[in-house]
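To keep things clear, I will list the structure first and then write my remarks on it.
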Amino acid sequence: QVQLVESGGDLVQPGGSLRLSCATSGVIFRFYIMGWYRQAPGKQRELVARIPSGDTANYADSVKGRFTMSRDNAKNTVYLQMNSLKPEDTAVYYCNADSSIKQYWGRGTQVTVSS
């Protein structure tokens with residue numbers, strides 16, 4: 001059974017930092033392109049960052065220079081370090097695993113940026 005479990009979401013003040021984690025099981029992790037997406041209330045889900053196995057990550061323009069995605073193939077886990085958070089970063093953040101044949105989603109973790 002495939003599972004993607006996100007954690008690390010929280011309420012944080014503008015300018016603060018959070019680190020999200022996504023632990024996977026039931027997939028051959030290294031074969032999957034891993035991604036972080038987010039969905040704010042009333043908006044469509046959007047790509048935040050994406051990283052193929054062993055390659056560098058690609059980022060949405062809105063988070064470049066502030067967010068860093070990394071993957072640990074030994075731990076079957078991906079991370080999203082989020083710095084200089086802004087109120088517009090408020091959303092549910094979802095982990096995605098994509099093999100081009102199948103893709104899987106986690107249930108999401110809430111990030112709220114507010115003073």
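What to note about this one:
- Probe 1.4 Å, all protein chains present, accessible-area order of Ile101, Ile51, Ile28, largest first: Ile101, Ile28, Ile51
- Surface composition of the stretch 4-63: carbon plus sulfur atoms contribute 49% of the solvent-accessible area (1.4 Å probe, protein chains only, all chains present).
- Inter-probe distance in nm under a simple model that places probes 7 Å from Cα toward Cβ, at Gln13 and Ser25: 3.8 nm
- Global form of the stretch 19-67, assessed from the alpha-carbon gyration tensor, a/c cut-off 1.5: oblate
- Legend: calculated FRET efficiency, Ser99 to Asp55, from the Cβ-Cβ distance at R0 = 25 Å, rounded to 0.05, equals 0.95.
- In straight-distance terms, cross-link reach from Lys86 covers every one of the aspartates and glutamates whose alpha-carbon lies under 17 Å from its own, apart from those fewer than eight places away in the same chain; here that gives Asp10, Glu46, Asp61.
The values are calculated or read from the model by the stated rules, or taken from the named source; none is laboratory data. Here the structure is a predicted model, which is why all the values come from computation and not from measurement. Glycine also receives a Cβ, built like all others from the backbone with ideal geometry; neighbour counts cover every protein chain displayed. These area figures cover heavy atoms from the full protein model, side chains too; ligands, DNA and RNA do not enter into them. Shrake-Rupley method; radii C 1.70, N 1.55, O 1.52, S 1.80 Å.
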